[in-house]
Structures are given as C-alpha cells and as structure tokens.
Amino acid sequence: MNTSPLAKTATAPKYNRVLIKVSGEALMGDKGYGQDLKTIQRIAVDIKEVADSGVQVCVVVGGGNIFRGISGAAQGMERSSADYMGMLATILNALAIQNILDQTGIETRVMSAIEMDQICEPYIRRRAIRHLERGRVVIFAGGIGSPYFTTDTTAALRASEMSCDVLLKATSVDGVYSADPKKDPNATHHATLTHHEVLSQDLKVMDAAAISLTRENKIPIIVFSILEQGNFAKVLAGEGKYTIIQDQK
C-alpha cells in the first residue's frame, strides 16, 4: 500500500515535472568530506517515492563535498581550472546517486554538460525531455559546462529548459530564515517570499543569477530540509515546514 503524501492527494498532483537541487554537502552525511552511502540511499528513497507517484523528476547535484571551485580559487588556483574541477566532482556525485536509484528499480539517465561518452550521456535538451516523458529520473551533472557559474544557476537553467513546475532546493534547514538559524536562535522563518524580496534583502538562498532566472521564467522555488526522510514528497503535497519563493499573484 502506497502511504506517500502524494498518494493520499485526492486530486492529481499539483506538480507534473519538478527539479530538485541536492547540494554536495548533503551527500556527506556526518562526514567532513566525500560521500556517505547511507545518506545517498536515504535521498534516493525520497526521489523514488516522488517518481513512483507519477511526478517527472530532474536532479541537479552539487560537488562541494568533493571540491568547491570558488574555494580552490580563493587558495590561489586559477578560477576556471578550479571550477572545472568542481564540475568533475558533480559528475562523481551524479553517478553515485544514479547507482543507488538503479538499485531501487528506478530507471535513470545521467546527462553531463561536459561530454564523457563512456560513462554518461551528453546534455541534449530534447533528449532529456524524452527521458522524463518515459518516466526516467534525469540527473544533470557537469554544471552548465562553463566556469564562473554555480550549480544553483545550473538548477535554475535546467528547470527553465525542462519547463519544470517548481525548483526544490534541498538543504540542511527547513526553509529560509532572517539569519542563520544554526548561529542565531532568534532567526525568523519565512513561510513565503517573493523573488524580489530574496534579491532586495540579499537572503542567501541561491545566487542572484539563479533567483533572477527563475523569476523571469515564473518558476517557484521551494526550500526545505532533506535531512528528514520523506520530506521531498511532503513538501510537494503541501505538508511540513518549508519556504516557497514565488511572485505574488
């Protein structure tokens, strides 16, 4: 019996096609570096739950658990080279998520902006859409293939190209706060925000390019915690605690 929050919804799911951005740091679990298999398995189960409900799922994964380009540049590396190293880290994470999803019985495709024909497909927009229409989870890796762009911007770009109904940013906190809730116990949780408020208040949700791109293409952003099992399906069903960023209607 399917007990998913999405399965309990009497009407059709609110969202037909979604993109979830999973940070590299989320894949570390309690480790200080690298991939934690149990954490990746838990996230894969969440993705499977949503995919099994009939929602088409895209994934963009970061690489900060392995290498962060901007940190490398800060330590003296040439920025472009550092960013390319970060893009390669996202491919390692994408392959790990694909492997676990395959073991759960979900058909997947990894599509990379950097061509690596022996291990994944090159990113081609129309091919990606066909994969989604056939029920496959598509994992976008390699950033956008160019330096100086974050994986947040990649998520906003791919969500726009795939005509996604919503972009979900999976983080370690349950939404957007007025300050870092881990440091400030008086930080206030925002249930709703507009894209303009995020930009004008300089809230550290995603980089400005990503916020502007989703605003231009009228794509709402849901910020939620990936640390609790089942939260992905819950927030899509309108349950639990999260922040939704969208223009006022």
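Given the pairs Lys21/Lys183; Lys48/Lys234; Lys21/Lys48; Lys38/Lys182, which are separated by over 19 angstrom at their Cα positions?
Over 19 Å apart, Cα to Cα: Lys21/Lys183; Lys38/Lys182.
Select from Thr108, Val22, Asn65 the residue farthest towards the positive end of the dipole of the chain; place +1 on Cβ of Lys and Arg, -1 on Cβ of Asp and Glu, and compute about the Cα centre.
Thr108
Of the peptides 232-241, 123-132, how do they stack up when ordered by the mean number of other Cβ atoms within 10 Å, highest first?
232-241, 123-132
Can you spot the aspartates and glutamates whose alpha carbon is less than 18 Å from Lys241's alpha carbon? Ignore those fewer than 8 places along the same chain.
Counting by Cα, and skipping residues close in sequence, Lys241 has these aspartates and glutamates nearby: Asp46, Asp174, Asp180, Glu228.
Tell me, what is the percent relative contact order of the stretch 137-204, built from C-alpha pairs under 8 Å that lie six or more residues apart?
Worked out over the stretch 137-204, it gives 17 percent.
Just want to confirm a number: the relative contact order over the stretch 99-175, from Cα pairs under 8 angstrom separated by 6+ residues, in percent. Numbers along the way, then the final one.
Numbers: 77 pairs, mean separation 19.3, N = 77.
Relative contact order comes out at 25 percent.
Based on the Cα gyration tensor of the stretch 208-249, what are the three equivalent ellipsoid semi-axes, each the root of five times an eigenvalue, rounded to whole Å and given largest first? Please list the in-between numbers first.
Working: eigenvalues 102, 26, 11 Å².
They are 23, 11, 7 Å, listed largest first.
Computed over the Cα atoms, what is the radius of gyration of the stretch 116-157 divided by 2.2 N^0.38 Å, N being its residue count?
Cα Rg divided by the expected 2.2 N^0.38 Å: 1.24.
Let's test the formula: R0 of 35 Å, r as the Cβ-Cβ distance of Glu197 and Thr104. What FRET efficiency results, to the nearest 0.05?
0.40
Pairs of alpha-carbon atoms within less than 8 angstrom and 6+ residues apart define the contacts here; what relative contact order does the chain have, in percent?
After rounding, I find 22 percent.
Under 18 Å from the Cα of Lys218, which aspartates and glutamates turn up, not counting those fewer than eight places away in the same chain?
Output for Lys218: Asp152, Glu161, Asp165, Glu197, Asp207, Asp247.
Determine the dipole magnitude for the chain: charges of +1 sit on the beta-carbon of Lys and Arg, -1 on that of Asp and Glu, nothing else is charged, the reference point is the Cα centre, and the result goes in debye to the nearest 20. Each step should come with its number before you reach the end.
Working: 27 positive and 27 negative charges, 96 e Å.
Dipole of the chain, to the nearest 20 debye: 460 debye.
For the chain, what number results from the quotient of the Cα radius of gyration and 2.2 N^0.38 Å?
Taking N as the residue count of the chain, the ratio is 0.95.
Coordinate-derived values only; no laboratory data. As the structure is a prediction and not an experimental result, all values here were calculated from the model. Please note: Cβ atoms are built from the backbone with ideal geometry, for glycine as well, and neighbour counts cover all protein chains shown.
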